[in-house]
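Q: After the C-alpha coordinates below, expect a handful of questions from me.
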Amino acid sequence: MGRRMRKYLYILTVLGSLALGSLASCDSGPVDETIAYVPQEGRTVKVTGTFEGMDSWPGGYTVAVAGFSHASEYAVVAKNIAVGNGEVQTIMSGVSEEVTEVEVCVIDRLRVRVATFAVVENINELADDTIRLDVGTLDVGMFNTVQQSVFNANCIACHGMSNEAARGLYLTEGRSYDCLVDKQSSANPEYLLVNPGNSAESFLHLVLHDDGYLSHGHTDILSAKTELLNLIDDWIDNGAK
(Lines give C-alpha, C1' and ligand atoms only; values in the text may rest on other atoms or scores of the structure.)
Protein backbone atom coordinates (compact mmCIF):
# COMPACT_ATOMS: atom_id res chain seq x y z
CA MET A 1 0.00 0.00 0.00
CA GLY A 2 2.76 2.46 -0.89
CA ARG A 3 4.92 3.84 1.93
CA ARG A 4 3.98 2.11 5.18
CA MET A 5 4.82 2.50 8.83
CA ARG A 6 5.97 -0.38 11.01
CA LYS A 7 4.85 -0.11 14.54
CA TYR A 8 3.10 -2.17 17.11
CA LEU A 9 -0.46 -1.11 17.84
CA TYR A 10 -1.86 -2.41 21.05
CA ILE A 11 -5.61 -2.88 20.77
CA LEU A 12 -7.43 -3.63 24.00
CA THR A 13 -10.53 -5.67 23.25
CA VAL A 14 -13.01 -6.01 26.09
CA LEU A 15 -14.87 -9.30 25.93
CA GLY A 16 -18.30 -9.34 27.52
CA SER A 17 -21.95 -9.09 26.83
CA LEU A 18 -22.89 -5.71 25.49
CA ALA A 19 -26.41 -4.56 24.73
CA LEU A 20 -27.24 -1.53 22.64
CA GLY A 21 -27.33 1.48 24.91
CA SER A 22 -26.57 -0.37 28.18
CA LEU A 23 -24.41 -3.02 29.83
CA ALA A 24 -26.05 -6.39 30.23
CA SER A 25 -23.73 -7.36 33.06
CA CYS A 26 -21.46 -5.74 35.60
CA ASP A 27 -18.80 -8.40 34.84
CA SER A 28 -16.97 -7.21 31.71
CA GLY A 29 -14.93 -10.42 31.46
CA PRO A 30 -11.20 -10.80 30.71
CA VAL A 31 -9.12 -8.26 28.77
CA ASP A 32 -7.51 -9.67 25.60
CA GLU A 33 -4.41 -7.82 24.28
CA THR A 34 -3.96 -8.17 20.51
CA ILE A 35 -0.86 -7.00 18.57
CA ALA A 36 -1.38 -5.67 15.05
CA TYR A 37 1.73 -5.62 12.78
CA VAL A 38 2.15 -2.92 10.12
CA PRO A 39 5.14 -3.23 7.69
CA GLN A 40 8.12 -0.87 7.95
CA GLU A 41 8.24 2.44 6.15
CA GLY A 42 10.25 2.60 2.95
CA ARG A 43 11.14 0.63 -0.12
CA THR A 44 12.33 -2.94 -0.51
CA VAL A 45 15.29 -4.02 -2.62
CA LYS A 46 15.54 -7.52 -4.08
CA VAL A 47 18.94 -8.51 -5.51
CA THR A 48 19.43 -11.70 -7.49
CA GLY A 49 22.51 -12.94 -9.27
CA THR A 50 25.49 -15.24 -9.30
CA PHE A 51 28.46 -13.97 -7.32
CA GLU A 52 32.01 -15.17 -7.86
CA GLY A 53 34.95 -14.45 -5.56
CA MET A 54 32.93 -13.92 -2.38
CA ASP A 55 35.39 -16.00 -0.33
CA SER A 56 38.42 -13.88 -1.29
CA TRP A 57 37.61 -11.08 1.15
CA PRO A 58 39.26 -10.88 4.60
CA GLY A 59 37.57 -9.65 7.75
CA GLY A 60 36.65 -5.98 7.73
CA TYR A 61 35.06 -6.06 4.27
CA THR A 62 31.53 -7.02 3.29
CA VAL A 63 29.92 -7.65 -0.07
CA ALA A 64 26.49 -6.11 0.49
CA VAL A 65 23.41 -4.49 -0.93
CA ALA A 66 23.47 -0.96 0.45
CA GLY A 67 21.64 2.34 0.22
CA PHE A 68 23.46 5.67 -0.03
CA SER A 69 22.52 9.32 -0.11
CA HIS A 70 24.20 11.83 -2.42
CA ALA A 71 25.75 13.51 0.58
CA SER A 72 27.90 10.69 1.94
CA GLU A 73 30.08 7.68 1.13
CA TYR A 74 28.72 5.97 4.26
CA ALA A 75 25.89 3.51 3.73
CA VAL A 76 22.58 4.64 5.24
CA VAL A 77 21.34 1.05 5.26
CA ALA A 78 23.07 -2.19 4.29
CA LYS A 79 22.57 -5.94 4.30
CA ASN A 80 25.22 -8.59 3.79
CA ILE A 81 24.98 -10.81 0.75
CA ALA A 82 25.27 -14.44 1.80
CA VAL A 83 28.84 -15.71 2.00
CA GLY A 84 29.82 -18.24 -0.63
CA ASN A 85 29.80 -18.52 -4.41
CA GLY A 86 26.79 -19.16 -6.60
CA GLU A 87 23.31 -17.78 -7.21
CA VAL A 88 21.77 -15.89 -4.32
CA GLN A 89 18.79 -13.69 -3.55
CA THR A 90 19.05 -10.97 -0.93
CA ILE A 91 16.14 -8.83 0.25
CA MET A 92 16.65 -5.54 2.09
CA SER A 93 13.65 -3.64 3.41
CA GLY A 94 13.25 -0.32 5.20
CA VAL A 95 14.95 1.83 2.54
CA SER A 96 13.98 5.36 3.56
CA GLU A 97 13.58 8.49 1.46
CA GLU A 98 17.04 9.59 2.60
CA VAL A 99 18.48 6.91 0.29
CA THR A 100 18.92 8.11 -3.30
CA GLU A 101 20.63 5.05 -4.78
CA VAL A 102 21.06 1.38 -3.98
CA GLU A 103 24.14 -0.63 -4.88
CA VAL A 104 25.69 -4.04 -4.86
CA CYS A 105 29.04 -3.04 -3.45
CA VAL A 106 31.85 -3.66 -1.02
CA ILE A 107 31.81 -1.68 2.22
CA ASP A 108 34.41 -1.59 4.96
CA ARG A 109 33.85 -2.00 8.69
CA LEU A 110 32.76 1.66 8.92
CA ARG A 111 30.23 1.06 6.10
CA VAL A 112 32.22 3.28 3.75
CA ARG A 113 31.78 2.42 0.07
CA VAL A 114 34.95 0.80 -1.27
CA ALA A 115 33.76 -0.33 -4.72
CA THR A 116 30.50 -0.53 -6.65
CA PHE A 117 29.49 -3.48 -8.84
CA ALA A 118 25.91 -2.52 -9.76
CA VAL A 119 23.74 0.50 -8.98
CA VAL A 120 20.19 1.87 -9.31
CA GLU A 121 20.18 5.65 -9.08
CA ASN A 122 17.44 8.18 -8.24
CA ILE A 123 15.27 5.53 -6.62
CA ASN A 124 12.85 8.10 -5.20
CA GLU A 125 11.73 8.84 -8.74
CA LEU A 126 10.64 5.23 -9.25
CA ALA A 127 6.96 4.38 -8.98
CA ASP A 128 7.39 0.88 -7.60
CA ASP A 129 8.15 0.44 -3.91
CA THR A 130 10.07 -2.75 -4.69
CA ILE A 131 13.37 -2.28 -6.52
CA ARG A 132 14.50 -5.40 -8.36
CA LEU A 133 18.16 -5.64 -9.26
CA ASP A 134 19.20 -8.69 -11.30
CA VAL A 135 22.96 -8.43 -11.63
CA GLY A 136 23.56 -11.57 -13.69
CA THR A 137 27.03 -12.98 -12.98
CA LEU A 138 29.40 -10.72 -11.05
CA ASP A 139 33.05 -11.20 -10.17
CA VAL A 140 33.18 -9.57 -6.74
CA GLY A 141 36.60 -11.00 -5.88
CA MET A 142 39.13 -8.85 -4.06
CA PHE A 143 41.71 -8.77 -6.84
CA ASN A 144 39.09 -8.02 -9.48
CA THR A 145 37.99 -5.10 -7.29
CA VAL A 146 41.59 -3.85 -7.18
CA GLN A 147 41.74 -4.21 -10.97
CA GLN A 148 38.51 -2.34 -11.65
CA SER A 149 38.62 0.33 -8.95
CA VAL A 150 42.35 1.03 -8.89
CA PHE A 151 44.16 -0.06 -12.05
CA ASN A 152 41.42 0.46 -14.65
CA ALA A 153 40.23 3.71 -13.10
CA ASN A 154 43.61 5.29 -12.35
CA CYS A 155 46.61 3.53 -13.89
CA ILE A 156 46.16 1.94 -17.29
CA ALA A 157 46.37 5.18 -19.28
CA CYS A 158 50.12 4.99 -18.65
CA HIS A 159 50.45 1.29 -17.87
CA GLY A 160 49.10 -0.57 -20.86
CA MET A 161 46.56 1.40 -22.88
CA SER A 162 49.20 3.21 -24.94
CA ASN A 163 51.70 1.53 -27.27
CA GLU A 164 54.16 1.04 -24.43
CA ALA A 165 53.59 0.59 -20.71
CA ALA A 166 55.56 2.88 -18.43
CA ARG A 167 58.64 1.00 -17.17
CA GLY A 168 57.27 -2.08 -18.90
CA LEU A 169 54.62 -2.51 -16.22
CA TYR A 170 51.26 -3.55 -17.66
CA LEU A 171 48.30 -3.07 -15.33
CA THR A 172 45.62 -3.98 -17.84
CA GLU A 173 43.21 -6.84 -17.22
CA GLY A 174 44.71 -10.24 -17.84
CA ARG A 175 48.28 -8.97 -17.45
CA SER A 176 48.46 -7.01 -14.21
CA TYR A 177 48.61 -9.92 -11.77
CA ASP A 178 51.51 -11.69 -13.48
CA CYS A 179 53.36 -8.39 -13.89
CA LEU A 180 53.07 -7.49 -10.22
CA VAL A 181 53.08 -10.44 -7.86
CA ASP A 182 56.56 -11.72 -6.91
CA LYS A 183 58.12 -9.56 -9.65
CA GLN A 184 61.19 -7.43 -9.01
CA SER A 185 60.82 -3.70 -9.35
CA SER A 186 62.84 -2.23 -12.23
CA ALA A 187 62.95 1.11 -10.43
CA ASN A 188 64.28 -0.32 -7.17
CA PRO A 189 65.43 -3.96 -7.53
CA GLU A 190 65.67 -4.52 -3.77
CA TYR A 191 61.86 -4.63 -3.67
CA LEU A 192 59.24 -6.85 -5.23
CA LEU A 193 56.43 -4.92 -6.86
CA VAL A 194 53.99 -6.97 -4.77
CA ASN A 195 55.43 -9.01 -1.93
CA PRO A 196 52.56 -11.32 -0.90
CA GLY A 197 51.80 -10.98 2.80
CA ASN A 198 53.91 -7.83 3.25
CA SER A 199 52.52 -4.59 1.89
CA ALA A 200 55.10 -2.49 3.76
CA GLU A 201 57.87 -4.17 1.72
CA SER A 202 56.00 -4.00 -1.60
CA PHE A 203 57.04 -1.37 -4.13
CA LEU A 204 53.40 -0.84 -5.13
CA HIS A 205 52.67 0.32 -1.60
CA LEU A 206 55.80 2.45 -1.36
CA VAL A 207 55.31 4.29 -4.62
CA LEU A 208 51.72 5.22 -3.70
CA HIS A 209 52.77 6.59 -0.31
CA ASP A 210 56.16 8.23 -0.93
CA ASP A 211 57.18 10.29 -3.98
CA GLY A 212 60.84 9.63 -3.24
CA TYR A 213 60.77 6.24 -4.98
CA LEU A 214 60.16 7.55 -8.52
CA SER A 215 61.02 10.71 -10.43
CA HIS A 216 57.35 11.04 -11.37
CA GLY A 217 55.30 11.13 -8.17
CA HIS A 218 52.38 8.73 -7.73
CA THR A 219 51.09 9.75 -4.32
CA ASP A 220 48.48 12.06 -5.82
CA ILE A 221 46.76 9.20 -7.65
CA LEU A 222 44.83 7.88 -4.65
CA SER A 223 45.53 10.58 -2.07
CA ALA A 224 41.83 11.38 -1.77
CA LYS A 225 40.80 7.73 -1.73
CA THR A 226 42.07 6.29 1.51
CA GLU A 227 39.70 3.33 1.21
CA LEU A 228 41.45 2.25 -2.01
CA LEU A 229 44.92 2.60 -0.51
CA ASN A 230 43.71 0.38 2.34
CA LEU A 231 42.23 -2.04 -0.19
CA ILE A 232 45.59 -2.49 -1.94
CA ASP A 233 47.44 -3.01 1.33
CA ASP A 234 44.87 -5.47 2.64
CA TRP A 235 44.92 -7.42 -0.63
CA ILE A 236 48.73 -7.73 -0.39
CA ASP A 237 48.78 -8.50 3.34
CA ASN A 238 46.24 -11.28 2.86
CA GLY A 239 48.45 -13.08 0.36
CA ALA A 240 47.83 -11.14 -2.89
CA LYS A 241 45.53 -13.89 -4.12
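Q: Being closer than 30 Å to residue 43 by Cβ and either at pLDDT below 95 or part of a helix (DSSP H, G or I) (or both) is the requirement here; does residue 144 meet it?
A: Criteria met by residue 144.
Q: In the set 200, 224, which member is among the small types (Gly, Ala, Ser), part of a helix (DSSP H, G or I) and over 30 Å from residue 46 (Cβ atoms)? Outline the logic, then answer.
A: Working: 224 fails: part of a helix (DSSP H, G or I).
Only one candidate qualifies: 200.
Q: Based on what the data block shows, is residue 233 under 25 Å from the mean Cα position of the chain (by Cα), at pLDDT below 85 and either surrounded by fewer than 16 Cβ atoms within 10 Å (Cβ to Cβ) or assigned to a helix (DSSP H, G or I) (or both)?
A: In short, no.
Q: Somewhere in the range 98-110, is a residue closer than 23 Å to residue 181 by Cβ and either under 17 Å from the mean Cα position of the chain (by Cα) or crowded, with 17+ Cβ neighbours inside 10 Å (or both)?
A: yes
Q: Which condition breaks for residue 140 when tested against (1) within 18 Å of residue 69 (Cβ to Cβ); (2) among the aliphatic types (A, V, I, L, M); (3) touching an Asp or Glu at 6+ places or on another chain (Cβ under 8 Å)?
A: (1)
Q: Sticking with this one: Under the condition of being part of a strand (DSSP E or B) and of a type in the set (D, E, K, R), which residue from the range 85-122 is modelled with the lowest pLDDT? Spell out the reasoning first.
A: Step one: filter the range 85-122 for residues part of a strand (DSSP E or B), giving 86-95, 101-108, 112-120.
Pick out the ones that are also of a type in the set (D, E, K, R) and you get 87, 101, 103, 108, 113.
Working: 87: 81, 101: 96, 103: 97, 108: 95, 113: 95.
Filtering first and then ranking leaves 87.
Q: Only residues that are in contact (Cβ under 8 Å) with a residue 40 or more places away in the chain and not in a helix (DSSP H, G or I): list them for the range 150-175, please.
A: 155
Q: So which strands (runs of 3 or more DSSP E) are wholly in the range 4-84 and hold at least 1 residues that are within 15 Å of the chain's Cα centre (by Cα) and either farther than 24 Å from residue 99 by Cβ or at pLDDT 90 or above (or both)?
A: Numbers: elements: 7-14, 31-38, 43-52, 61-68, 77-80.
Answer list for the range 4-84: 43-52, 61-68, 77-80.
Q: I would also like to ask the following. Pick from the range 176-186 the residues that are of a type in the set (S, T, N, Q) and outside any loop (DSSP other than H, G, I, E, B): which of them is nearest to residue 232 (Cα to Cα)?
A: Going through the qualifying residues, I end up with 176.
The values are calculated or read from the model by the stated rules, or taken from the named source; none is laboratory data. Only a predicted model underlies this, so the values are computations on that prediction, with no experimental measurement involved. Cβ: placed from backbone, ideal geometry, glycine included. Neighbour counts: every protein chain shown.
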